[in-house]
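The values are calculated or read from the model by the stated rules, or taken from the named source; none is laboratory data. Note that the structure is predicted; figures quoted are calculated from it, not measured. Heads up, the Cβs are rebuilt from the backbone with ideal geometry, glycines too, and the neighbour counts pull from every protein chain shown. Areas reflect the complete protein model, heavy atoms only, side chains present, ligands, DNA and RNA absent. Shrake-Rupley method; radii C 1.70, N 1.55, O 1.52, S 1.80 Å.
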Amino acid sequence: LSLSGGGDRCHDCPCRKESQVSSGRRDYYVPSSGDVSFFFPGIVYIRYAGVAHIFAVSGLHIGFLATLLIFIFKKFKINPLVKTILITFILLFYSGICGFSASSLRATIMTSVMLFARLKGSRYDSLSAVSLAGILILLFSPVQLFCVGFELSFMVVIGIIVLATPISIALIIS
């Protein structure tokens, strides 16, 4: 990470540049890319301080929204398939509002897989769900493979999935 702005991988990421609208108007670029420095020049200092992740939409936010929607839709007498499809579309819409970040898309796809597995009565496999999310995201935007947000989001979730059980067993034994 370069403080001079020369080799900053977050700002030079091709996935950030592909979302810029060719009209040249800066106000179209802001909502689609998450670049708010036009409105708040001090955001650069927040990024350099390493606390910008506090403002990022993550899988936790998608999980909160999905839980809220499941709770709300339980009150209505709607076909379970229709509920699942509605929740999936609402999560996709929310992910779109957030700029279709890698973490929000990953969480949306994984949550949708979980909802459809539960609807079908199948067992949910989180490793298969994260794999499907990665494949789908890379099918629509292969350049995401070179974006730090994509890499970190998937590596952290895969690490949690793979290491959670062994670590918890080791802690219980000791």
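Numbers at a glance
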{"read-out": "Helices (runs of 4 or more DSSP H) fully within the range 76-174 counting 1 or more residues that are touching a Phe, Trp or Tyr at 6+ places or on another chain (Cβ under 7 Å) and touching a residue at least 12 places away in the same chain (Cβ under 8 Å)", "value": "80-97, 102-120, 126-140"}
{"read-out": "Unmet criterion (only one of (1) surrounded by 12 or more Cβ atoms within 10 Å (Cβ to Cβ); (2) modelled with pLDDT of 60 or more; (3) of a type in the set (D, E, K, R)) for ASP35", "value": "(2)"}
{"read-out": "Residues that are more than 18 Å from LEU68 (Cβ to Cβ), open to solvent by 20 Å² or more (accessible area, probe 1.4 Å) and not hydroxyl-bearing (Ser, Thr, Tyr), drawn from the range 97-124", "value": "GLY99, PHE100, LEU105, ARG106, ILE109, VAL113, PHE116, LEU119, LYS120, GLY121, ARG123"}
